[in-house]
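Worksheet: one structure, shown below.
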Amino acid sequence: VTIEKAVLSVSHRTTYRYSTYVETAQHLATIRPQNTAWQRVIAHEESIEPVPSYINSRVDAFGNDVLYFSLESPHRSLQMISETTVELTPRWASLDPAATPAWDTVAASTRFCAGAPFVPETEFCFASPNIGLRQDLQEYGLVSFTPGRPLAEGAIDLMHRIYADFKYRPLSTSYDTPAHQAFELKSGVCQDFAQVMIGCMRAIGLPARYVSGYLRNDPPPGQVKLIGADASHAWVSVFCPGSGWIDLDPTNDVLADLDHITLAIGRDYSDVSLLRGLILGGGSHRVDVGVTVLGLEGDDSNPEPEAEPEPEPEP
Amino acid sequence: LAVQTSLPFEEVAVRAKVSSPLRALPVREGHWDELRDASGQLRPTWRRFFDLLGDEGIAGLDHAVDSIAQQVRDNDISYNVYADNGEPRPWALDLLPFLIDEAEWAKLERAIRQRATLLNAIVKDVYGPQTLLHKGFLPPALVFGHPGYLRSVKGFVPPGGQYLQLVAVDLARAPSGEWVIMAHRTEAPSGLGYALENRLIVAGVFADQFRSMRVQRLAPFYSRLIASLVEGGRAAMRGEEGSPHIALLTPGPFSETFFEHAFLARYLGVTLVEGKDLTVRDDKLFLKTFAGLERVHVLLRRLDDAFCDPVELRADSSIGVPGLLQVMRAGNVMVSNVPGSGFVESPALHGFLPAISHSLLGERLELPSVPTWWCGEAAAREAALESLDEAFVIPTWPGVEMNGRSPRGFGDGLQPLAKWEKRIEAMPDAFTIQELFPGSHAPRYEESTIAGRSSVLRVYAIADMEGGWSVMPGGFTRLGAERQPSVSMQYGSSSVDTWVLSSHPSSTLSLLPTPMTPDDLARKHRTVSSRAAENLFWAGRYGERAENNTRLMRVILSSLESNDAEGLLDTMVDLAWQCGLLPPGAPRGGYTSASLERMLVANLGEGSTASSIGQNLASQARASGEIRGRLSTDHWRTILTARNDFRDAIQALHPVRGIERYDRVLLTRTLETLSSQLLAISGAQGDRMTRDEAWRLVFAGRHIERVATMATFLRTAVKHRQIATPGGFDLLLQLFDSTLTYRSLYPGRFEVPPLIDLLVVEPTNPRGLYGVYKRLCRKLVEISQAAGRGAHSDFSEATLYAASLRNLGALCTTDADGMHAELVAVCDELEAQVSAAAHEISARYFSHAKTQSLQVSS
């Protein structure tokens, strides 16, 4: 069955509980979905408890809508709930990996040469806080990117290999684990899979960026539930002249398509962490994150909220 | 190395009929000689300098060197070097200034003004339209790949498009005599304070030359800097009444150049703050003060970019201000310089500047940069590798990680390029190659000899809000150590004053502020930051503690010496132990007079324990250093001298570690001297400080400490049943500094009730417990009124307690064992009261809550 479009609804809840009172706190949240050529935001709403004493938002250097808020009275917990409905359009129908340009030509075009035209995507060619340019990643990447191979083919092959070679293991890494450490461990979560793959492609000169978002977690009948679906998700985007940015999900070995909702893009996790902040006081803390992503009945034609099944309880 | 065949300096010296043999060593071949021309004759500037100095002056140079060292010590000018276990190193300042004549300076000034304009234009373009990238004048790697390019700043335009207010340019002179630009500093350029301190000292040593040679003054430059910040602050006030509040943001006392931050803040008359002193509320910046929050409109920052805001930049920064960028973007604070200019400091940029200057300014560069090749451009890389055998290999950006190797791997000094070729090919962007630049040799006086040392001159420029740049006539010149290819204060270089000569009489303007308004006056005496409050309080406590411990030490040592110690030995051990004169691990008993004395003497110095006399003096100096702006110069100098003299004397006392013999006379004299110095310090606090809330905090600190110590003295004597023995009686009177008073009031009488009356009840005794406690309570009430926070009670519970201290009858009663139990109970209670008051003050007025960073993984 060919599905024309998908309408997905997300309920994302983050709760912090502190052992002592937090006196003041400042937070950045990157939780607002983007409108793109293939993603239309139908509804988005967020709520924060306690109510921030100051709130403001801005578009960052990557085009993400970032929320800044501060809490200036003592609190023992912080809860952020975001409810989103988007409509997704299939986007890879016309992609023929074998017909994409040779990766080495693309890599050469990102190198600076006086008088050559500027390629804005080169912003994503360099080292970033979590992803260094390293020889070990380069060597691993070159196994897929053999000389002259079409870029998309090489990238898909690299994705297959990472999926096969790396184990999905929650808690084996943390939010600030750099790519090369996850590479040595050969394990991690979606963030690590994505950052390793980005590191491999940047090390050979290809522009690659980090995408943060959600994954559908009520698989259509007969399909398995995708990995990483109960939390927020992350994948990779590689620039391919002629095709634009191609989104690949090495955690699930698929092209990101009708199951993937895009929130934000950046160089790595540190640019787009969903919620970060600095608190004064608070002692130790516990955090609970719950994400539910459901496909709506009737898909594109009738995204009525009434038709929406009740979200499942938090995991 | 070859030797230049120019005439030595003796020729001139002979003409001046100098008795001391002043010799000038020839400079190494291939370097410009600042002192002599090609024929070996002194250059006109130096000829004039030495003529003015005359025979006598030349003979007095050694004395002048000592005088400089003395002033560096007296003014406590220091430079923290990370490698030195945190112990600040005295500032290295050399005698002879670096001389620049008027015509030469005019050229430099023009070139620096142009360079500063250019750097601001580059920053403005990169955070704005990025035409330099689009047109290919600037490689993407040098922006997008540089950690100094801050994406949080993208799109932000400061008032007037002025991202930089302060730019430092390092210059050196080529063998031809032409100047070349070696580097730019825009993030948080250092040296502005040291330059001024160098000037104050060296201009004093060579006062005649300074006047006669019409050296241009620095003060007008600093007033222009303040004027520029005030102007920026007005924009941030958005029409608000009053004058802007300017603060200098320092990483804190552990920073390399903390001395300079404190000095600059004092000289410019701005508040010195650390990140934790500031807080962001909504989209405004505030200083936490003793009396609540106070707006800050301008932040002159000395923090590196990445550490400025842990919310948006490095989350692990504990020295930044969470939310600062938010406030900056909202236009409610002027941050100077705007964070994010770090990328123009990259050495790789030099090669691209001629074209960029042409594109942005339509001008040719007035002065070239040192020849530099960025390896990321294949043509440049190949050219450099082909034409150079040896060169400096420097990282294009800081913190480059090369397969886990830190930038340290780049190696110091000249590198054989063949050895580097492979590594460069693997990661060309990360490498920049710079040719060895033989800088000019400037004269340095070293024990009757003048030697040439390679020199780097740092010059500063400041911008007004319209983008006009003024250049400081002078600067910060560093001389390299012998045979050192590069010049850095971290590696043993020294600094000299920089004299720009003029043919016109120079302006005698000192730092004159713009006319003050009544609002300025209203603000003037209000601000006591929470951290200043804490340091004031502790300066008082450490001062009092040093005084009490010194008295205790003198009393114990003189008892031990006069051989009447036997019966009192246990009491003294207990007192010494409780007051921290013995190290915490030391036994509390089993001493002989001799072993106690040895143990006490071994524990005097700074390094020994946290509560030794030396350590208290050091802590007093540190706390006072942070509030130096509130102390008179004499007051501050006495605090420092007390610490330095004591430290030196203790070192002299133990010529070899572990030797048990020491100079007893020297020790006695040292403690005597220290007592008088401490007396002078408490005198200055009583008499020389403005009696505002700052002073009350010092007073409270002193009195809290005094109550606790006096109560300890009294209780210990009572518990050891020494209050009624002649020795114990005498000991108490000495410890309470009350011997004379007692003798004049009760000649020849040794009775307990009059003793207790004098030490506890009598309100006029400056150390009597009741009097001290009562004065403390009054001060606490005043403090809480000054802070004006209705939420807190007036420490009233404590005040009530004072009444029981006046009941002499109860205090004199003894229990069945003959113990003054009531007296002991009162002492215990007093100690508990003041300790509670200290905690209360700390909780109310000081900011010490720790920030912690919080993140969640997706």
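Readers should treat all values here as calculations from the given coordinates under stated rules, not as data from a laboratory. Predicted, not measured: the structure shown is a model, and the values here were computed from it. With ideal geometry, Cβ positions are generated from the backbone for all residues, glycine too; neighbour counts draw on all protein chains shown.
For chain B, take the longest principal axis of its alpha carbons; what is the angle in degrees between that and the long axis of helix B:633-653, to the nearest 10 within 0 to 90? Helix B:633-653 and the main axis of chain B meet at about 80 degrees. What share of Cα pairs, in percent, lie more than 25 angstrom apart in chain A? Distances greater than 25 Å cover 52 percent of the Cα pairs. What FRET efficiency comes out for the pair residue B:214/residue A:136, r = Cβ-Cβ distance, R0 = 60 Å, nearest 0.05? It comes out at approximately 0.40. With Cα atoms as the point set, the protein assembly as shown shows a radius of gyration and Dmax of 35.4, 115 Å. Between residue B:256 and residue B:648, the FRET efficiency estimated from the beta carbon spacing at R0 = 25 angstrom works out to 0.50. Rounded to the nearest 10 degrees, the inclination of helix B:258-268 to the longest alpha-carbon principal axis of chain B is 90 degrees. A straight chain from residue B:318 to residue B:154 at 0.36 nm per residue would run longer than the Cα-Cα distance by 56.7 nm. Here the Kirkwood formula puts the hydrodynamic radius of segment B:324-473 at 18.7 Å, using every distinct Cα pair.
When the Cα positions of B:500, B:263, B:331 are compared along the charge dipole of chain B, B:331 comes out farthest toward the positive end, with charges on each C-beta of Lys, Arg, Asp and Glu. For chain B, take the longest principal axis of its alpha carbons; what is the angle in degrees between that and the long axis of helix B:192-205, to the nearest 10 within 0 to 90? Its long axis makes an angle of about 80 degrees.
What Kirkwood radius, in Å to one decimal, follows from the Cα pairs of segment B:595-730? Result for segment B:595-730 stands at 17.0 Å. Phi angles across segment A:167-182 convert, under the Karplus curve 6.51 cos²θ - 1.76 cosθ + 1.60 with θ = phi - 60°, into 3J(HN,Hα) values of 9, 7, 9, x, 6, 7, 9, 10, 4, 10, 5, x, 3, 5, 6, 4 Hz, Gly and Pro given as x.
Quick check: from the Cα gyration tensor, does segment B:97-247 come out rounded (a/c under 1.5), prolate or oblate? Taking the square roots of the gyration eigenvalues as a ≥ b ≥ c, segment B:97-247 is oblate.
Here is how the number arises for chain A: DSSP H runs of 4 or more residues each give -39500 (n - 2.57), the sum is divided by the residue count, and the result at 222 nm is -5000 deg cm²/dmol. For segment A:143-222, with equal point scatterers placed on the C-alpha atoms only and solvent neglected, what are the log10 I(q)/I(0) values from the Debye formula at q = 0.12 1/Å, to two decimals? At q = 0.12 Å⁻¹ the computed log10 ratios are -0.39.
Note on residue B:774: aspartates and glutamates with a C-alpha under 13 Å away, same-chain residues under 8 apart excluded, are B:762, B:782, B:797.
GNM on chain A, C-alpha springs below 10 Å: top fluctuator among A:83, A:153, A:23? Among A:83, A:153, A:23, the largest mean-square fluctuation in the Gaussian network model of chain A belongs to A:23. Charge tally for residue B:470 (other residues, Cβ to Cβ under 11 Å; Lys, Arg +1; Asp, Glu -1): 0.
Please check which bits of segment B:449-469 a label hung off residue B:436 would reach, taking the label as a point 7 Å along Cα-to-C-beta and the cut-off as backbone N under 15 Å. Answer for this model: B:454.
In this calculation the C-beta distance from residue B:745 to residue B:688 is compared with R0 = 25 Å, giving a FRET efficiency of 0.20.
For the residue pairs B:154/B:422; B:107/B:422; B:154/B:276; B:276/B:779, the C-alpha atoms sit more than 30 angstrom apart in B:154/B:422; B:107/B:422. Taking label points 7 Å from Cα along the Cα-to-Cβ direction, residue B:266 and residue A:95 give a separation of 6.5 nm. Taking Lys and Arg as +1 and Asp and Glu as -1, the other residues whose beta-carbon sits under 13 Å from that of residue A:21 total 0. Taking the helices alone, chain B has a mean residue ellipticity at 222 nm of -13500 deg cm²/dmol, built from -39,500 (n - 2.57) per DSSP H run of at least 4 residues and averaged over all its residues. Close amide H pairs (under 5 Å, H built 1.01 Å from N) link residue B:341 with no residue at least 5 positions away or on another chain. With one equal scatterer per alpha carbon and no solvent term, the Debye-computed log10 I(q)/I(0) for segment A:25-162 at 0.13 1/Å reads -0.89.
Assuming 0.890 mPa s and 25 °C, estimate D for segment B:176-242 with Stokes-Einstein, Rh taken as the Kirkwood radius over Cα pairs, in µm²/s. The calculation lands on 158 µm²/s.
Net length available on complete extension from residue B:664 to residue B:422 is 80.4 nm, with 0.36 nm assigned per residue and the Cα-Cα distance removed. Near residue A:46: Cβ cut-off under 14 Å, other residues only, Lys/Arg at +1 and Asp/Glu at -1. The net charge is -2. Footprinting exposure proxy ranking of B:124, B:419, fewest other C-beta atoms within 10 angstrom first, gives B:419, B:124.
Taking amide H as placed 1.01 Å from N in the peptide plane, the amide H of residue B:528 sits under 5 Å from that of B:290, B:291, each at least 5 places away or on another chain. Evaluated at q = 0.06 Å⁻¹, the base-10 log of the normalised Debye intensity for chain B, with identical point scatterers placed on the Cα atoms, takes the values -0.51.
Using θ = phi - 60° in the Karplus curve 6.51 cos²θ - 1.76 cosθ + 1.60, the 3J(HN,Hα) couplings for segment A:257-263 round to 9, 7, 9, 10, 9, 8, 9 Hz; x is entered for Gly and Pro.
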